[in-house]
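The values are calculated or read from the model by the stated rules, or taken from the named source; none is laboratory data. Since this is a predicted model, take the numbers as computed values, not measurements. Reconstructed Cβ throughout: ideal geometry from the backbone, glycine too, with neighbour counts over all protein chains shown.
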Amino acid sequence: MPLSPLELLYAYSQGIFPMAHEDGIYWYDPDPRAILPLDSFHVPRSLQRVLKKRLFEIRVNTAFAGVMRACAAPRPGREETWISDEFIDAYSQLHQMGYAHSVEAWQDGQLVGGLYGVAINSFFAGESMFSHQRDASKVALVALVRRLQARRFLLLDVQFTTPHLVRFGAVEISRAAYHARLAQALQHKNRFTND
């Protein structure tokens, strides 16, 4: 059975997210779980200098499927991807429904970096990011966090820690603590965009 947008919404609201494997879709609820605390998000000094140069134009939701395809593309050290065509279809439907969003970094009219994720009320689940230009995905991440902070979101889920995300302040919390924060964020009405 194909992955459906309603199934995805239900899963995220239960703290579960999917990843595609060769033999099908697996569902995850890791313990511990990685989050980026919005009240202590850290922008490294080197990236602050990049932001001041305004090398990229940031756009929201103008190339959602393009961002997903770029995130799914093979790269050195990662020839396989968990983002299948079925995922692109299902998340594109979620995007049309107003729940999945992309934050994009553009340069000279070209999409050079970005990320996508799912927003439900005051919860944002970051799914994947890509970069074709140095620092493009990092600038998109800063733009995402600033948007979430301005709109008073309560939870930014990043699933697993990476050295890259730790530099921005990502921390691991227990599954129980994550589910408590998720429940609070889901109860707090909010919107990622105004449309």
**Q.** Single residue of Phe160, Phe123 found to be touching a Pro at 6+ places or on another chain (Cβ under 8 Å), of a type in the set (A, V, I, L, M, F, W, C) and closer than 16 Å to Ile35 by Cβ
**A.** Phe160
**Q.** Cross-chain or 6+ apart pairs with Cβ under 9 Å, the range 8-34 first and among the polar types (S, T, N, Q), then crowded, with 17+ Cβ neighbours inside 10 Å and not in a strand (DSSP E or B)
**A.** Ser13/Leu182; Ser13/Leu186; Gln14/Leu182
Q) Residues in the range 55-84 that are modelled with pLDDT under 90, in a loop (DSSP other than H, G, I, E, B) and surrounded by fewer than 15 Cβ atoms within 10 Å (Cβ to Cβ): how many? A) 6
Q: Give me a count of the residues in the range 24-54 that are of a type outside the set (Ser, Thr, Tyr), out of contact with any Phe, Trp or Tyr (no Cβ under 9 Å at 6 or more places or on another chain) and part of a loop (DSSP other than H, G, I, E, B).
A: 3
Q. Quick one: is Tyr10 surrounded by fewer than 16 Cβ atoms within 10 Å (Cβ to Cβ), in contact with a strand residue (DSSP E or B) (Cβ under 6 Å, 6 or more places away or on another chain) and modelled with pLDDT of 95 or more?
A. no
Q | Of the criteria (1) surrounded by fewer than 17 Cβ atoms within 10 Å (Cβ to Cβ); (2) part of a helix (DSSP H, G or I); (3) of a type outside the set (Gly, Ala, Ser); (4) within 15 Å of the chain's Cα centre (by Cα), which one Phe87 fails | A | (1)
(Q) Going residue by residue through the range 148-166, is there one that turns out to be buried (at least 19 other Cβ atoms within 10 Å of the Cβ) and over 26 Å from Ile88 (Cβ atoms)? (A) yes
Q: Kindly indicate the residue of the range 152-193 that is over 16 Å from the mean Cα position of the chain (by Cα) and outside any helix (DSSP H, G or I) and also farthest from Leu51 (Cα to Cα) among those meeting that condition.
A: Ser174
Q.
Based on this model, can you work out whether Leu94 counts as within 26 Å of Ser40 (Cβ to Cβ) and touching a strand residue (DSSP E or B) at 6+ places or on another chain (Cβ under 6 Å)?
A. no
Q: Would you check which residues across the range 15-26 are loosely packed, with under 13 Cβ neighbours inside 10 Å and either modelled with pLDDT of 95 or more or at positive phi (or both) and list them?
A: Gly24
Q.
Return the pair list, or none, for Cβ contacts closer than 6 Å from residues in the range 64-79 that are within 30 Å of Thr193 (Cα to Cα) to residues that are assigned to a helix (DSSP H, G or I) and modelled with pLDDT of 95 or more, at least 6 apart or on different chains.
A. Phe64/His95; Ala65/Ser92
